[in-house]
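Each value in this text was obtained by applying a stated rule to the coordinates, not by laboratory testing. Worth saying up front: this structure is predicted, and the values here are computed from it rather than measured. Here the Cβ positions follow ideal geometry from the backbone for every residue, glycine too, while neighbour counts run over all protein chains shown.
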Amino acid sequence: MTPSDFRAAVAALQWTYRGLAEMVQVDERQVRRWAAGATVPPHVAAWIEKAARELPPLMAAVDAWHEKNPPPPKKPVDVSA
């Protein structure tokens, strides 16, 4: 996995480096090193590549659902009581 492939996958998944670090149980600095060109361990690279292939359609479906089903408006606070 090239550094640009790594950065593109993380961006496509809308993940933060901190969030990815928590998911793969490494320090955030290590994720930043991978983004800068350090070798991503093969098992981590394979997992990220799989996520980048499989998750975006699911994320799009969730986004579409949210557009069709917006959350209810915030209930006004009764200040007269």
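Local charge for residue 29 was computed over the other residues whose Cβ lies under 15 Å away, with Lys and Arg +1 and Asp and Glu -1, and equals 0.
For the stretch 60-66, the Karplus equation 6.51 cos²θ - 1.76 cosθ + 1.60, evaluated at θ = phi - 60°, returns couplings of 5, 5, 5, 4, 5, 4, 4 Hz by residue, with Gly and Pro reported as x. Over the stretch 1-63, what is the relative contact order in percent, taking alpha-carbon pairs closer than 8 angstrom and at least six residues apart? Relative CO of the stretch 1-63 lands at 43 percent. Comparing 42, 57, 71 in a Gaussian network model of the chain (Cα springs below 10 Å), the most mobile by mean-square fluctuation is 71. Label zone of residue 69 (point 7 Å out along Cα→Cβ, amide N under 18 Å): in the stretch 2-41 this covers no residue at all. Summing charges over all other residues whose Cβ lies under 13 Å from the Cβ of residue 18, with Lys and Arg as +1 and Asp and Glu as -1, gives -1. For the stretch 67-76, putting each phi into the Karplus relation 6.51 cos²θ - 1.76 cosθ + 1.60 with θ = phi - 60° gives couplings of 5, 7, 10, x, x, x, x, 5, 6, x Hz, in residue order, rounded to whole numbers and with x for Gly and Pro. Placing +1 on the Cβ of every Lys and Arg and -1 on the Cβ of every Asp and Glu, with nothing else charged, gives the chain a dipole about its Cα centre of roughly 120 debye. The order of 44, 62, 24, 77, going from fewest to most other C-beta atoms within 10 Å of their C-beta, is 77, 62, 24, 44. Rounded to the nearest whole Hz, the Karplus-based 3J(HN,Hα) values (6.51 cos²θ - 1.76 cosθ + 1.60, θ = phi - 60°) of the stretch 35-43 follow the sequence 5, 8, x, 5, 5, 7, x, x, 5, with x at glycine and proline. What the pair-distance distribution of the chain shows, using all Cα-Cα distances binned every 10 Å from zero, is 16, 39, 18, 14, 8, 4, 0 percent.
With Cα atoms defining each centre, the stretch 37-70 and the stretch 7-35 are spaced 13 Å apart in the structure.
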